[in-house]
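Read the structure below first, then the notes.
Each reported figure results from applying straightforward, stated rules to the coordinates on display, with no laboratory input. Since the structure is predicted, the reported quantities are computational estimates derived from the model, not experimental observations. Cβ coordinates were reconstructed from backbone atoms using ideal geometry, including for glycine residues, and neighbour counts include every protein chain displayed.
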Amino acid sequence: GAGVSQSPSNKVTEKGKDVELRCDPISGHTALYWYRQSLGQGLEFLIYFQGNSAPDKSGLPSDRFSAERTGGSVSTLTIQRTQQEDSAVYLCASSPSQGRREKLFFGSGTQLSVL
Amino acid sequence: AQTVTQSQPEMSVQEAETVTLSCTYDTSENNYYLFWYKQPPSRQMILVIRQEAYKQQNATENRFSVNFQKAAKSFSLKISDSQLGDTAMYFCAFRGGGGADGLTFGKGTHLIIQP
């Protein structure tokens, strides 16, 4: 596709359920990032993938959060046993490489609401 | 670790006025990049402008320019002839070395352009 695609756009779930959020990066981009944006807050780093290297998981808030990137392309962020504090917009971004000069290309995010 | 501070949670100006958004950062690095990203209500963040730390000349992109003061670690964004479409959240970002691919975002400034 022409840009970073995220699905679903909105997700409402019940406390305790598992959710999967999907990110399709721009073709050929080796770097992929997940961020969380709580209401009125900035971007909280969650996880970063670069090529075939081991992902940087240092931002994942708890072991309920995990992410995979299959074949160096599509990524899935999974939240198990969701809690109300998990409600936020989850943004995915990709970048052609990991160079410091590179800008990030963002998707439109998934708005997650945990009831 | 790097920190990025945006001290103005919200600003409001009249259409056609000039507005300046402030950003300060803290780092011990010498080789880094600074970015301003815009997030409209559609949620998709887009790059507004980018500055290399080793360049003294301030970056300019049409109506957007920066005032980069390296010694003061200040990186403000000036929007001239503001337009209604400039209404958005604006995030300042630092990219150097370190974890999370060296990316750190500020908490954002909500800019409102009044007709």
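Relative to the current alpha-carbon distance between A:Arg64 and A:Glu20, full extension at 0.36 nm per residue lengthens the span by 14.7 nm.
Please give the FRET efficiency for B:Val13 paired with A:Gln84, using the beta carbon to beta carbon distance and R0 = 41 Å, rounded to the nearest 0.05.
That pair, B:Val13 with A:Gln84, gives E of 0.70.
According to the square roots a ≥ b ≥ c of the eigenvalues of the Cα gyration tensor, what is the shape class of the range B:48-103, taking rounded for a/c under 1.5, prolate for a/b larger than b/c otherwise, and oblate for the remainder? Oblate, because a/c is 1.5 or more while a/b does not exceed b/c. Computed across chain A, the Kirkwood hydrodynamic radius from all distinct Cα-Cα pairs reaches 14.1 Å.
To the nearest 20 Debye, how big is the dipole of the protein assembly as shown about its Cα centre, given +1 on the beta carbon of each Lys and Arg and -1 on that of each Asp and Glu? With Lys and Arg at +1 and Asp and Glu at -1, about 240 debye. Among the listed pairs A:Lys57/B:Lys107; A:Lys17/B:Lys38; A:Lys15/B:Lys107; A:Lys11/A:Lys103, those with a Cα-Cα distance over 30 Å are A:Lys17/B:Lys38.
Each other residue within a Cβ distance under 15 Å of A:Cys23 adds +1 if Lys or Arg and -1 if Asp or Glu, for a net charge of +2. Counted by neighbouring Cβ atoms within 10 Å, the residues A:Lys15, B:Lys78 run from fewest to most as A:Lys15, B:Lys78. Ranked from largest, the principal axis spans of the Cα set of the range B:3-114 equal 39, 28, 21 Å. Stokes-Einstein diffusion of the protein assembly as shown at 20 °C, 1.002 mPa s viscosity, Kirkwood radius from Cα pairs, rounded to a whole number: 118 µm²/s. Taking other residues whose beta carbon is less than 14 angstrom from the beta carbon of B:Tyr37, and scoring Lys, Arg as +1 and Asp, Glu as -1, yields +3.
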